[in-house]
Amino acid sequence: MKNNNYQAEYYKIKMVEPLKKTTREYRKNLLKKIGYNLFYLDSKDVFIDLLTDSGTSAMSDSQWSAMMVGDEAYAGSSSFHHLEDAVKKNMGYKYVLPTHQGRAAENILFLIMIKKGDYVPNNMHFDTTKAHILHKKGIPIDVVCDEAFNTTSNYPFKGNIDIDKLKNLIEDKGKDKIPLVMITITCNSGGGQPASMENIKKVRELTKKYDIPFFLDACRFAENAYFIKKREIGYENKSIREIVLEMMSYSDGCTFSGKKDALSNIGGFLALNDEKLYIEGATWLVLFEGFITYGGMSGRDMEAMAQGLEEVLDENYLETRVKQVEYLGNKLLEANIPIIQPIGGHAVYVDVKKFLSHIPQDNLPGQALAVELYLEAGIRSVEIGTVLAGREPITWENIHPKLELLRLAIPRRVYTNAHINVVANALINIYKRRENIKGYKFIYEPPRLRHFLARFKPI
Ligand SMILES: Cc1ncc(COP(=O)(O)O)c(C=O)c1O
């Protein structure tokens, strides 16, 4: 059995937070009250919270103790220098602009790089990346490899960019219309799938040829490096630190959310190698985030991130992390539940088109499954499907995304495998009675960001 290769956690627990169990009746009434949108749930009513892996990590004793020495000076904070040193040492970039979280780094980068009508290719843009490009009147384009859309293929690097698609785009639009190329590692919108070193290197070669800057959306850079070590020939004997430094060396900088692979609850940064871009970015940073030695963070936050950037490169930690996600995925596969394969780095993605094949996309099957999982066992997950995709701007029809998914994002160092068993068992129970599950319709739909604020009712 695949599950047997799961090792015990490489940490022990010294602080706990109680969880409340609720009854099915309580959850049923609550769901009605909140309009069946799990974003409206109070976390005290959630038994296992798999809404996101962002900002939900358990910090280590070393992170908590580092916070105690946070330097809260407005200018010249020593905590900023600790963060800056960690980024320089572990990622190899020259300049660091601290921000309150990842999307703020995107805002600064795109402000200094994008002009109206420019195209920005990425394997698959994350929502905030896409929204910030659109905000600067740019056009986000996904050029991920076709394998990303085949949920059952075991292609090891579904986060790869299709080099031909990228080359054709550059040739077609002209290099002057493409201010930068990005790769998101790992590719969240495509199921937490990694990009290979070979692919990152090829993107570097192509962008160099056309003199286009190349940036990483590096939120889950360490998880990506772990997959390279495990799956790419030639990297099996390299350390995670070596792999990370090589990956980053092919890029001109990165946007980063500390809420993922810095094991922190808040924070982010924009890292750069070009001095001119850094100086320009710094002026916007002061306007939108704060002075250049704290950006949007307190000294305490910067200390926690600096320490997290060390801990995340520990291969034992990464093994515990990735294998726990794999453990959940394998349990579901054994019960024939359709999920995206290979299993991603931070989440398991259920293929809802197959799970609830009797519910058409307009009846919001992903939302229906998310609601059912909460009802079954108090587990909060998130729909990544028709509700999230929104509507066509002109026809106002629902966009029907190619992938209709339910994401089970696993917070780092938070849950034990006993919790994971509860999640697997709940989904297996639902799968057995899936034919009885009905779709949902909107009763309130805001003009934008409907995923967060909409209310529904069962059909
Ligand atoms: C791939 C990716 N990029 C960017 C972001 C934005 O980061 P933040 O939530 O810190 O603004 C996220 C957050 O989930 C992400 O997953």
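The values are calculated or read from the model by the stated rules, or taken from the named source; none is laboratory data. Since this is a predicted model, take the numbers as computed values, not measurements. Glycine gets a Cβ as well: all are built from the backbone with ideal geometry, and neighbour counts include every protein chain shown.
Some values worked out for this structure:
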read-out	value
When residues of the stretch 256-285 are limited to those that are of a type in the set (A, V, I, L, M) and part of a loop (DSSP other than H, G, I, E, B), the one farthest from the ligand (Cβ to nearest atom)	263
Filter result (in a loop (DSSP other than H, G, I, E, B) and modelled with pLDDT of 95 or more) within the stretch 138-163	138, 143, 145, 155, 156, 157, 158, 159, 160, 162
Residue count for the stretch 187-237, restricted to those that are outside any helix (DSSP H, G or I), closer than 21 Å to residue 151 by Cα and of a type outside the set (D, E, K, R)	7
Answer from 433, 380, 450 - the residue that is in contact with an Asp or Glu (Cβ under 7 Å, 6 or more places away or on another chain), over 26 Å from residue 230 (Cβ atoms) and not hydroxyl-bearing (Ser, Thr, Tyr)	380
Considering residues of the stretch 27-44 that are out of contact with any helix residue (DSSP H, G or I) (no Cβ under 6 Å at 6 or more places or on another chain) and of a type in the set (Ser, Thr, Tyr) only, the residue farthest from the ligand (Cβ to nearest atom)	40
Test result for residue 202, away from the ligand (no atom under 16 Å from the Cβ), in contact with a helix residue (DSSP H, G or I) (Cβ under 6 Å, 6 or more places away or on another chain) and of a type in the set (D, E, K, R)	yes
Selection status of residue 43, closer than 30 Å to residue 442 by Cβ, within 21 Å of the chain's Cα centre (by Cα), at pLDDT 95 or above and surrounded by fewer than 18 Cβ atoms within 10 Å (Cβ to Cβ)	yes
Residues within the stretch 11-42 that are in contact (Cβ under 8 Å) with a residue 40 or more places away in the chain, under 22 Å from residue 424 (Cβ atoms) and hydroxyl-bearing (Ser, Thr, Tyr), tallied	1
Cβ-Cβ under 9 Å pairs, at least 6 apart or on other chains, the stretch 381-407 side over 27 Å from residue 424 (Cβ atoms), far side in a strand (DSSP E or B) and not basic (Lys, Arg)	389/398; 390/398; 391/398; 392/398
Residue in the stretch 175-186 that is modelled with the highest pLDDT, counting only those that are outside any strand (DSSP E or B) and either within 10 Å of the ligand (Cβ to nearest atom) or among the aromatic types (Phe, Trp, Tyr) (or both)	185
In the stretch 321-363, residue farthest from residue 70 (Cα to Cα) [restricted to those that are β-branched (Val, Ile, Thr), under 18 Å from the mean Cα position of the chain (by Cα) and at pLDDT 95 or above]	339
The stretch 396-446, subset of a type in the set (Phe, Trp, Tyr) and more than 23 Å from residue 150 (Cα to Cα), residue surrounded by the fewest Cβ atoms within 10 Å (Cβ to Cβ)	396
Qualifying residue in the stretch 209-217 (condition: surrounded by 20 or more Cβ atoms within 10 Å (Cβ to Cβ) and farther than 16 Å from residue 272 by Cα)	no
Conditions (1) under 24 Å from residue 204 (Cβ atoms); (2) within 16 Å of the ligand (Cβ to nearest atom); (3) aliphatic (A, V, I, L, M); number of the one not met by residue 83	(1)
Residue within the stretch 45-52 that is more than 16 Å from the ligand (Cβ to nearest atom), at negative phi, of a type in the set (A, V, I, L, M) and touching a strand residue (DSSP E or B) at 6+ places or on another chain (Cβ under 8 Å) present	yes
In the stretch 249-288, the residues that are buried (at least 24 other Cβ atoms within 10 Å of the Cβ) and closer than 20 Å to residue 204 by Cα	251, 253, 254, 255, 256, 270, 271, 272
Yes/no for residue 233 being farther than 18 Å from residue 91 by Cβ, within 16 Å of the ligand (Cβ to nearest atom) and at pLDDT 95 or above	no
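Yes or no, residue by residue, for (1) under 18 Å from residue 185 (Cα atoms); (2) within 16 Å of the ligand (Cβ to nearest atom); (3) touching a residue at least 24 places away in the same chain (Cβ under 8 Å):
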site	(1), (2), (3)
126	yes, yes, yes
130	yes, yes, no
134	no, yes, no
140	yes, yes, no
144	yes, yes, yes
149	yes, no, yes
153	no, no, yes
160	yes, yes, yes
